[in-house]
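In what follows, a single structure is set out as structure tokens and then discussed.
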Amino acid sequence: MDGFNLSFGADFTGMFLDLLHDAMVSTAICGRIFWFDINGFITGFGNLDWSTTHEAASRTSPVVSALVEGGATCIGKTIVDEMAYSISGENKHYGTPTNPAAPAHIPGGSSSGAAVAAAANLVDFSLGVDTDGGVRVPAGCCGVIGFRPSHGAVSHMGIIPVSSSLDTVGWFARDPIILRRVGLVLLQVPFAVQRHPRTIIIADDYFQLPKISADRIVQMVIKSTEKLFGRQVLKHENLGDYFDVKVPSLKAFHSKISNGEVKAMSMKLLANAMQLLKRHEFKHNHEEWISSRKPTINSVIAERLHEWPETVDEDIENCHTIRNELRAALNSLLKDGGILVIPTIADPPPKLGRKEILSEDYLSRAFSLLSLASMSGCCQVTVPLGFHDKYPVSVSLVARHGGDRFLLDTVQTMYSSLQEQVDIILKSRLSANAVSLETSAEVAKEKGNQAFKDKQYQKAISFYTEAIKLSGNNATYYSNRAAAYLELGSFLQAEADCTKAISLDKKNVKAYLRRGTAREMLGYYKEAIEDFSYALVLEPTNKRAAFSADRLRKLFQ
């Protein structure tokens, strides 16, 4: 869909366009799904050869069916990393979805398209699968809420397995209320009164790992907690020391792989165990197809499958022992009323195509954080906390295995307070840097204008987005970005930007003209005529408005 990008590149097949407009304006929950089976459609797994060598699904995933029966509207499928193996979100076969929060940077994976669809306000929620970060990473990169439930809490039927010991069906939403509503449907839990956390534990050593502003994140959590529950619920923990005692099998695993190297941190050992288990189970599930069909496949996937020596039963048994010990350790630490606070991702989302995404250091740091929930099977939610240095920032909350409803309740309770802390920090920065921000925004706008003149429309969008982040109440920035979206055929995004521009400046003639054009292309002819007509009211001599309104009236009235 290169010339008609309805959803930031999130789609790769099967958009049900007859449902799209109704879904966008209805009050019902709407969802997007990708590698879940849909009756009559091939589940593509992010690889062209997979699509051509597999039959269409004969039944719909029970997860999707449950949501549709609960009132959701299924409106399409979205892109996933190739064979759901990476955490970058890039896909050479179908194109990489555009990160709405940072267009020049990776959206994160593996559930990249689903995260983008939710973050870009195209749907109320979307589904994803999280093996070793597939929901949490793109949620952190795109600035949207992402929920990974307890392992086994939601049915795996009707999805293509990556690693059955780690796979979980998760979901994205911008609104914590919708996040919770989806969870209640999928988790099938009985009605209960919402509970507040009795302890909130900050993992101090885990916050030493990220390159992003960890202190700022911790302070927002602390202030929000104190306001809602009181200072007495706050605790601090060094998880590395705790796991050294409570997860003794990590020592055996370290001696097995270290070859005499110095003692590694427990979080890195957990990451290594997770990757070993994932590769073993991925090979078990898909090596025969890869060997027999010899598909066009990312060389990185092939290389990673052979990075580790052949596993033996003892290695895998040890990984499962680590999983069991880790789950018991976290359940003991958190009990029924505890929340653990950790970073979601260790680094800001890298730029698209950068080799950094494949570097051992980048992946090791990422998996050191992601392995906690993947290996323990505990539930984890990614909560966006605004931006820092132009990149989305987030924090993760973890509850014991089986504490999914409690975690959803906690997110709903804390979300507004956390966003208040984001606003407080933002306002303090704005008051100190208002002039410089406005100046920087104008510079970004001028760069966008030049890129637009040079017909580099995606680059122009990036500059206008930067200007909007710096000064979000300037109607011109939204209107200019809409012009670039129109050139790319992204009519929904153009319409949304024009609507925002008009809300900021009700006399912005260009915004009415551009929204009219977008609505005409989307088939909303009545609304398009209204826009062109109002542009004429504002500027009676505007020839473009007069011509467009007259042409549409002759055709459709």
Long-range amide H partners of residue 61 with built H, under 5 Å: 37, 38, 39
Ordering of 163-169, 297-303, 230-236 by packing [mean C-beta count within 10 Å, highest first]: 163-169, 297-303, 230-236
Residue 287-residue 56 FRET efficiency (beta carbon distance; Förster radius 22 Å; 0.05 resolution): 0.35
Point-to-point label distance, residue 537-residue 194, nm (Cα→Cβ direction, 7 Å offset): 4.1
Whole-Å semi-axes of the ellipsoid equivalent to the chain (Cα gyration tensor, √5λ, descending): 41, 27, 22
Theoretical FRET efficiency, 1/(1+(r/R0)^6), r = Cβ-Cβ of residue 440 and residue 244, R0 60 Å, to 0.05: 0.80
Contour minus Cα-Cα distance for residue 39 and residue 354 (0.36 nm per residue): 109.6 nm
Relative contact order (percent, whole number), the chain, Cα cutoff 8 Å, 6+ residue spacing: 14
Restraint check, 351/427; 278/455; 469/510; 283/469; 351/455, Cα-Cα greater than 32 Å: 278/455; 283/469
The range 192-198 - phi-based ³J(HN,Hα) in whole Hz, Karplus 6.51/-1.76/1.60, Gly and Pro as x: 7, 5, 4, 10, 9, x, 8
Label-point gap, in nm, between residue 332 and residue 92 - each point 7 angstrom along Cα→Cβ: 4.7
3J(HN,Hα) from dihedral phi, the range 471-486, Karplus parametrisation 6.51/-1.76/1.60, rounded to Hz, x for glycine, proline: 8, x, 10, 9, 4, 4, 4, 5, 5, 5, 5, 4, 4, 5, 4, 4
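Out of all DSSP beta bridges in the chain, what portion is antiparallel? Express it as a percent rounded to 5.
Among the beta bridges of the chain, antiparallel pairing accounts for roughly 70 percent.
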5 angstrom amide H check on residue 393, placed H, neighbours 5+ away: 385, 386, 387, 388
Top positive-direction residue, dipole computed over the chain with Cβ charges, set 164, 100, 183: 100
For 54, 151, 401, order by how many other beta-carbon atoms lie within 10 Å, fewest first: 54, 401, 151
Debye intensity ratio in log₁₀ form over the Cα atoms of the range 434-556, taken at each q of 0.12, 0.15, 0.19 Å⁻¹: -0.43, -0.65, -0.96
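Each reported figure results from applying straightforward, stated rules to the coordinates on display, with no laboratory input. Predicted, not measured: the structure shown is a model, and the values here were computed from it. When we count neighbours, we look across all protein chains shown, and the Cβ atoms used for this are built from the backbone with ideal geometry, even at glycine.
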